[in-house]
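The values are calculated or read from the model by the stated rules, or taken from the named source; none is laboratory data. Treat the numbers as computed from the prediction; the structure is a model and nothing was measured. Note: ideal-geometry Cβ built from the backbone for every residue, glycine included; neighbour counts use all protein chains shown. Remember, those area values only see protein heavy atoms, side chains included, never the ligands or the DNA or RNA. Shrake-Rupley method; radii C 1.70, N 1.55, O 1.52, S 1.80 Å.
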Amino acid sequence: LKVQDIIACSSVPFQFQLPFGITRKPMVTCIMSKALPVLVVVVSSGMAHQIHRPPLRSNQTAVSSNVSSLGLLNMEETFVHHYPACERVPDKSTRTILRLLVPNNHGSTAMSSVLMSSKRLATLCSTDVWQCEGHKFLESTGRGSSGDEKDIDMVLRIYSRYWKLKRPVLLEKKTKWLSLAEKEDTDFIQARPPRAMWQLGVTSLQTAYIIMYKPICLWPMSHIVVEAVQRDPVAHAMEELKQLEEQVELHKYFRSVNRPVLVINYADLIWNHHATKRRLEDFLPCLGPLDMDFVPELGVDIFPGNNFKITTGVKTFGKHWDPKECCNFAVGVPRKRQPGECLRDDNRPNQEVDWLGGIQRFLEGKDRMRLHLAMLYLDAFAYTELP
């Protein structure tokens, strides 16, 4: 969809439903396309939805097939719930490699701390490197430079020295070069378990993924991101767009090859912890009950070189931040399939914070639309794949 083919309309009341039954406020801004016989509806929260005129009659089909031509969703299939990444009583001959695909400064440490509350999960924290990130350890030992494709057999041999291999789920955080995850997935599946695993009777490996994204208006919660916005807001906005689109493409790929994948909104991790706990436990039943306020213990779960940033549990951390006051964010209601949203605040001088957190205004029109579509896609899965 080309920018020159778009004509903006005035705000109009319009009652409709987003993909998979997600509900939204009725006040929207419509955009007509001269190139396609569809109506693009941009909701006040920054979400976007495309439908034929008249609107779809059933919320079982996501949106019209025309949107699939733009690469947003496969609109011809109805929604089905994800399947678990492991069995409640896991096969002793199989290990699940759980990969967190979360960009830097987007909450990967917080998610890790929740998962670490299960003693059935193995981490790479004993490598004593920054934030327990495997790629950092590989770089520190000279076994892989930044962003290079790795020899997965070699990686597994090294990781097996630090993972507690008797545990059914082996965690790896991936916070950089997310685009390599697709190639690495194939390599992990085709890899032969290293000798350390064979000695324990492990004969097969499977992968599972958690993709966690962060609403763009939550940037004030990280001093590192605040500095990045102040330094070069355009570059930061484009980086956010790039990361969101990478997560969208990875999710599409994992679904296409039937890999277990769960999408989590960071805002739900800290403010809707009950629903997030249920979703995680439903996705990873082999981990057993999870503690949303777990704090990793130094010398047991984490080590000095990890420089772990977590000093309170996720549940307690969320109580220290008022979403509206800090970020002009309205928390979603998962049981109603209603996503959280970055609110517009016309009362703030110079629009310091607007409906995408003061960052979207640094993007050109076509890039803003790309951002809206990426957020719509991720929200669609984060608010419907519920137990």
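Among the residues examined, ASP291 does not qualify as surrounded by 17 or more Cβ atoms within 10 Å (Cβ to Cβ), within 21 Å of SER113 (Cα to Cα) and modelled with pLDDT of 80 or more. Residues of region 97-127 that are part of a loop (DSSP other than H, G, I, E, B) and touching a Pro at 6+ places or on another chain (Cβ under 6 Å): MET116, ARG120.
Among the residues of region 192-211, those identified as surrounded by fewer than 17 Cβ atoms within 10 Å (Cβ to Cβ) and not in a helix (DSSP H, G or I) are ARG192, GLN199, LEU200, GLY201, THR203, SER204, GLN206. If we keep just the residues of region 149-172 that are part of a loop (DSSP other than H, G, I, E, B) and open to solvent by less than 70 Å² (accessible area, probe 1.4 Å), which is farthest from PRO260 (Cα to Cα)? Going through the qualifying residues, I end up with TYR162.
Checking each residue in region 173-187 for being under 22 Å from SER256 (Cα atoms) and either acidic (Asp, Glu) or touching a helix residue (DSSP H, G or I) at 6+ places or on another chain (Cβ under 7 Å) (or both) picks out LYS174, LEU178, SER179, ALA181, GLU182, GLU184, ASP185, ASP187. When you scan region 211-223, do you find a residue that is in contact with a Lys or Arg (Cβ under 7 Å, 6 or more places away or on another chain) and either at pLDDT 95 or above or of a type in the set (Lys, Arg) (or both), even just one? No, that holds for no residue. Total residues in region 244-272 satisfying the condition of being assigned to a helix (DSSP H, G or I) and open to solvent by 30 Å² or more (accessible area, probe 1.4 Å): the figure is 8. Do we have GLU281 as within 30 Å of LEU363 (Cα to Cα) and acidic (Asp, Glu) here? Judged against the criteria, GLU281 is not a match. Can you name the residue in region 311-327 that is in a loop (DSSP other than H, G, I, E, B) and open to solvent by 40 Å² or more (accessible area, probe 1.4 Å) and is also farthest from VAL114 (Cα to Cα) among such residues? Among those that are in a loop (DSSP other than H, G, I, E, B) and open to solvent by 40 Å² or more (accessible area, probe 1.4 Å), it is ASP322.
The condition of being open to solvent by 20 Å² or more (accessible area, probe 1.4 Å) and either under 19 Å from the mean Cα position of the chain (by Cα) or closer than 29 Å to ASP268 by Cβ (or both) holds for TRP177. Taking the criterion of being more than 13 Å from LEU165 (Cα to Cα), open to solvent by less than 20 Å² (accessible area, probe 1.4 Å) and at pLDDT 90 or above, the residues of region 75-97 that qualify are ALA85, CYS86.
Selection of region 212-226 for residues being open to solvent by 30 Å² or more (accessible area, probe 1.4 Å) and among the aromatic types (Phe, Trp, Tyr) yields only TRP219. Residue pairs whose Cβ atoms lie under 7 Å apart, separated by 6 or more positions or on different chains, with the first residue in region 109-134 and more than 12 Å from GLY313 (Cβ to Cβ) and open to solvent by 20 Å² or more (accessible area, probe 1.4 Å) and the second part of a loop (DSSP other than H, G, I, E, B) and among the small types (Gly, Ala, Ser), are ARG120/GLY288.
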